[in-house]
Ligand SMILES: [Zn+2]
């Protein structure tokens, strides 16, 4: 079973835009109402020891059941009978709002995430159709429940042999987007853990460094974009809040935020493909362990960009290209000599690794080498893990060719699958 998510920009009519805005409004109200219901119930079950419960307690009958997902869904169905605004929105869409609330309560209880919060309208940015009708796709348009046929910008073809599972409509500064989730029952082939191994270290000075001595600097365009963002935010501050000019300035800031995110993602994809061009097995640090092990020591702060790269983009690209991605425990990787294995203590300001054995290389490259050594010493090299080389998009595309020719002309071998 393989799941893909493709994103398309919507080209809705004015009526459809108004309808989607209205759906977001109702979703927001349902979220806040359901959250209030749960909070009241929880508050009604406790009172501070030094207060009179008659004054401080929320009075809800003792035998009233906790408003669970199931109960809230039933109440929603009841409410729809009398509330025309609720009736105007697809029932499944509203149920998904309740489901999300349920999930965020679970994340709060089990994973220690923050308590779910009330949302202002601008915080409600998307809604989900968990099911689409039959034959919902045609060239340049998608049929959505209650909205009808909505035109899209067909930036890529639909994947062949896949069925549409669900559709999420996302509102961004530059308009409405559609995330289509496709599913197919495909056998996933195994990729052997053989061939060239590269250890990869991410950092702040260099975006990434591999054990082969390949380093990518932090791209300069981020600095330029950040500077632009600062100036726009200053301009926004001088406007009177709520005025027409303030709204215009705010829209500009939002557009720039979106642009920065897009630019970063594009950069991440290019780097991920570049790594896959160079190696068959890519070894990265296991970030779950980092939070525990590094904490106070702090080898370097990992900004959100690294998380997206290592957690989302690189695994996906490696999967599609049929390359193996392996996570290794990174504890102490910057304090170890890659040549002799001796402990080589150094704090973050020391940028070069020097060892008594005569080994002297840049710090990040040393970390990459240590990761590679750890993987090889584990003895897993030669076994198999799953890959997705059969997926659409795994083939060699023109844009990737162009990117490669511009940046690294030395690497020009073809790709399997
Ligand atoms: Zn050494």
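The values are calculated or read from the model by the stated rules, or taken from the named source; none is laboratory data. Fair warning: this is a prediction, and the values are worked out from it, not measured in the lab. A quick note on method: Cβ atoms are made from the backbone with ideal geometry, for glycine too, and the neighbour counts reach across all protein chains shown.
Within region 32-61, residues that are at pLDDT 80 or above sit with their Cβ atoms under 6 Å from residues that are not in a loop (DSSP other than H, G, I, E, B), at 6+ positions apart or across chains, in these pairs: 34/72; 34/98; 34/101. Counted as qualifying within region 65-128 are the helices (runs of 4 or more DSSP H) with 2 or more residues that are under 31 Å from the mean Cα position of the chain (by Cα), namely 69-82, 91-111.
Of all residues in region 331-351 being more than 12 Å from the ligand (Cβ to nearest atom) and loosely packed, with under 12 Cβ neighbours inside 10 Å, which is farthest from residue 377 (Cα to Cα)? If we take residues in region 331-351 being more than 12 Å from the ligand (Cβ to nearest atom) and loosely packed, with under 12 Cβ neighbours inside 10 Å, then 349 is farthest from residue 377 (Cα to Cα).
Do we find a residue being away from the ligand (no atom under 14 Å from the Cβ), in contact with a strand residue (DSSP E or B) (Cβ under 6 Å, 6 or more places away or on another chain) and touching a residue at least 12 places away in the same chain (Cβ under 8 Å) anywhere in region 314-322? Yes: region 314-322 contains one or more residues that are away from the ligand (no atom under 14 Å from the Cβ), in contact with a strand residue (DSSP E or B) (Cβ under 6 Å, 6 or more places away or on another chain) and touching a residue at least 12 places away in the same chain (Cβ under 8 Å). Looking at the structure I just gave you, is residue 24 under 19 Å from residue 126 (Cα atoms) and modelled with pLDDT of 95 or more? Spelling it out, residue 24 is indeed under 19 Å from residue 126 (Cα atoms) and modelled with pLDDT of 95 or more. Scoring residue 177 on the criteria (1) over 19 Å from the mean Cα position of the chain (by Cα); (2) at pLDDT 90 or above; (3) surrounded by 15 or more Cβ atoms within 10 Å (Cβ to Cβ) leaves a single failure, condition (1). Annotation note: of 326, 390, 370, the sole residue that is under 31 Å from the mean Cα position of the chain (by Cα), within 16 Å of the ligand (Cβ to nearest atom) and either at pLDDT 70 or above or surrounded by 15 or more Cβ atoms within 10 Å (Cβ to Cβ) (or both) is 370. Applying the criterion of being in a loop (DSSP other than H, G, I, E, B) and touching a strand residue (DSSP E or B) at 6+ places or on another chain (Cβ under 7 Å) to the residues of region 132-150, the residue that is surrounded by the fewest Cβ atoms within 10 Å (Cβ to Cβ) is 133.
Considering 199, 213, the condition of being in a strand (DSSP E or B) and in contact (Cβ under 8 Å) with a residue 12 or more places away in the chain is satisfied by 199 alone.
Considering region 352-364, and only residues there that are in a strand (DSSP E or B) and within 14 Å of the ligand (Cβ to nearest atom), the residue that is nearest to residue 190 (Cα to Cα) turns out to be 361. Surrounded by fewer than 13 Cβ atoms within 10 Å (Cβ to Cβ) and farther than 24 Å from residue 174 by Cβ: is that true of residue 62 in this structure? Judged against the criteria, residue 62 is a match.
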